[in-house]
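The values are calculated or read from the model by the stated rules, or taken from the named source; none is laboratory data. In this text the structure is predicted, and so the values were computed from the model without any measurement. Here the Cβ positions follow ideal geometry from the backbone for every residue, glycine too, while neighbour counts run over all protein chains shown.
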Protein chains: 2
Amino acid sequence: MDLVERLDSGDPRALPRLLTRIENRTPEGLAALERLYPRTGHAHVVGVTGPPGSGKSTLVGVLATAARASGRRVAVVAVDPSSPLSGGAVLGDRVRMMGLHADPGVFIRSMASRGRMGGLAPAAAGVVHALDAAGFPLVLLETVGTGQDGVDIASLAQTVVVVQAPGLGDGVQAIKAGQLEIGDVLVVNKADLPGAGDLKRQLRLALPTETGPERWATPLLPTTATTGGGVDDLLAAIDAHREYLKESGNWEIRQRGAARAEVLTGLRAALERRLATLDGDQLNWLIAEAAARRRSPDAVVANLIATLDSAATGGDSVSDQRGG
Amino acid sequence: MDLVERLDSGDPRALPRLLTRIENRTPEGLAALERLYPRTGHAHVVGVTGPPGSGKSTLVGVLATAARASGRRVAVVAVDPSSPLSGGAVLGDRVRMMGLHADPGVFIRSMASRGRMGGLAPAAAGVVHALDAAGFPLVLLETVGTGQDGVDIASLAQTVVVVQAPGLGDGVQAIKAGQLEIGDVLVVNKADLPGAGDLKRQLRLALPTETGPERWATPLLPTTATTGGGVDDLLAAIDAHREYLKESGNWEIRQRGAARAEVLTGLRAALERRLATLDGDQLNWLIAEAAARRRSPDAVVANLIATLDSAATGGDSVSDQRGG
């Protein structure tokens, strides 16, 4: 039995192994993804994003617990583009703390940074598809909401929860960084801390007053993740957003948006992977030429692009034929 | 006379016009850059980077004034990857405030964001080369030091000044984001504010204690940009770093590093520009296919990459020949 067959037969070890192959884009992982993809599109993918220190990791943990209490299986994907380690470590601590690791209805996966080459977003998309195909009705996708990777990853979700908290510096800065615009639900976590009321008022002012043709009014909810305060209301708002998307026809629009984001980041990643195929000696020699001002960087780029194009379209095999 | 000839004849209107063409990568701009590039490599390019609110814009203004007082011509390039507007506006205010706009020995250019497509870093590299070729011995390159663009742009500099300030939130977070590692000179600006001493101690602890084979010990300098306090010491440290680079042979290593960064970002930008050539209708149709789960995103990406490759290697003209 291959891993997809083992997944279908209920083998609990199949899913994590499959995800590793999908993340690493091994031939087996990519082939499995091709088979699983037609089964996807049923999970509610909820992005939970916010700056470091906002408590979103703890919030995702209590959200998962609340969703389990409502009888649903839940998958959590924690993505940390900035650090190769801390995300996983924080997640591990949280899982143990909450006893979620003993519950077979909860699946938790943490994804660390794998640098720019290849990109984190395409790998995250593959993981979400596999969890969707594996039948999880709810997938919580936790990301640091800064940087391009964070935005790309949030675009995989149908519902985006933006978490803010008092005491993280200038609230206006977070607004400027485009965090709020992508949120379907806004959360002021650490609502028990001084400054939470001020932050809530600031965020309320930054929210669009005109609802326009959309019938969804972005809720702004206080939570205290460490005690679970406000988390049931947050889950209710997430579920209400799903209902709104389904009834308004926006569910399909979001899915098309997610597909667009995945295709575009996939294109970028595919082009990036080509750069890794360049010959290191040739690259270094041309860079030294540019540094010595004997060739311009633009001329070097044009030279290397021509090399890549020739390799991509089998230029080598053509010259082999001519030589043979 | 073309713009390069007008630049050489001393026409003050030639440089800003040339820079606009270089930024927009018009054929005239790219041709001018090819002619100017062999003359470059003489300017000391100093990156000044730091988070929003650190006061780096004001600091760059007083640094330019101090450098003018030492008899040098100075060019300032302010790059704001995050906002299409505020960088230029802040710069304009500052220039008027300091009277720098009346000094022909100071040239100031602000570059706003132009989205991901094409990229800001290659445009900034072209602008720096033109200013270098125009004979400015000192080019101050101001960037928000967050995100990939910020790091790319800093890599164009031989000397990187990292600006921090008290009251911007968690100092440890700035350290985690990899800001300090790229700094040759560290600055605690707003040194008159409470918390400046604490921040300086934190940064001191984060500095590498082992100097290793490098003989440059990263200085950590307090400044108060609004009053000019500490700015002469900062300029002296920047000049000392240039001397160190020249004497140690690291100047050439930095130039090769800058050329490498420019070539690699140029390659990425060239590949990104290709994405803009895709047919919108074909793209939308394939994305809808993926959203409907009839084709996988990976299959769509492979299809589009094949289309791009065919266009890049003149597949169309080949089929034209066959048809004719």
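Things worth noting here:
- Residue match in region B:31-50 (condition: over 22 Å from B:A236 (Cβ atoms), part of a loop (DSSP other than H, G, I, E, B) and modelled with pLDDT under 90): no
- Test: residue in region A:162-170 that is over 23 Å from A:T226 (Cβ atoms), within 22 Å of the chain's Cα centre (by Cα) and modelled with pLDDT of 90 or more: no
- The residues of region A:40-55 that are crowded, with 16+ Cβ neighbours inside 10 Å and either away from every other protein chain (no Cβ under 14 Å) or within 20 Å of A:V74 (Cα to Cα) (or both), listed by number, are A:T40, A:G41, A:A43, A:H44, A:V45, A:V46, A:G47, A:V48, A:T49, A:G55.
- Per-region count, region B:51-65, residues part of a helix (DSSP H, G or I) and among the small types (G, A, S): 3
- Candidate set: region B:66-111, residues that are among the hydroxyl-bearing types (S, T, Y) and not in a helix (DSSP H, G or I); chosen: the one modelled with the lowest pLDDT: B:S83
- First in region A:223-238 and within 18 Å of A:R72 (Cα to Cα), second anywhere and among the hydroxyl-bearing types (S, T, Y), Cβ under 7 Å, 6 or more apart: A:V231/A:T223; A:L234/A:T223; A:I238/A:T159
- A single entry from B:T265, B:T224 fulfils the requirement of being touching a Gly at 6+ places or on another chain (Cβ under 8 Å) and more than 30 Å from A:R268 (Cβ to Cβ): B:T224.
- Residue in region B:267-280 that is part of a helix (DSSP H, G or I), farther than 30 Å from A:T40 by Cβ and among the small types (G, A, S) present: yes
- Note on region B:284-316: residues that are facing chain A (nearest Cβ under 8 Å) and on the phi > 0 side of the Ramachandran plot total 1.
- Region A:268-283, residues that are within 9 Å of chain B (Cβ to nearest Cβ) and out of contact with any Leu (no Cβ under 9 Å at 6 or more places or on another chain): A:A269
Residues are listed down the side, and each one gets a yes or a no for (1) at pLDDT 75 or above; (2) among the acidic types (D, E); (3) part of a strand (DSSP E or B); (4) more than 13 Å from the chain's Cα centre (by Cα):
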residue	(1), (2), (3), (4)
B:D132	yes, yes, no, yes
B:D149	no, yes, no, no
B:L156	yes, no, no, no
B:G178	no, no, no, yes
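- A:D239 being of a type in the set (D, E), modelled with pLDDT of 90 or more and in a helix (DSSP H, G or I): yes
- Number of positions in region A:1-34 that are over 18 Å from the mean Cα position of the chain (by Cα) and without any contact (Cβ under 8 Å) to a residue 24 or more places away in the chain: 15
- Conditions (1) more than 14 Å from chain A (Cβ to nearest Cβ); (2) part of a helix (DSSP H, G or I); (3) more than 20 Å from B:L138 (Cα to Cα); number of the one not met by B:Y244: (3)
- Every test in (1) hydroxyl-bearing (S, T, Y); (2) under 22 Å from B:L63 (Cα atoms); (3) buried (at least 19 other Cβ atoms within 10 Å of the Cβ) is passed by B:T265 save one, and that test is (2).
- Residue in region A:46-65 that is of a type in the set (D, E, K, R) and closer than 21 Å to A:A123 by Cα present: no
- B:T265 meets each of the listed conditions (1) more than 8 Å from chain A (Cβ to nearest Cβ); (2) modelled with pLDDT of 90 or more; (3) in contact with an Asp or Glu (Cβ under 9 Å, 6 or more places away or on another chain) apart from (2).
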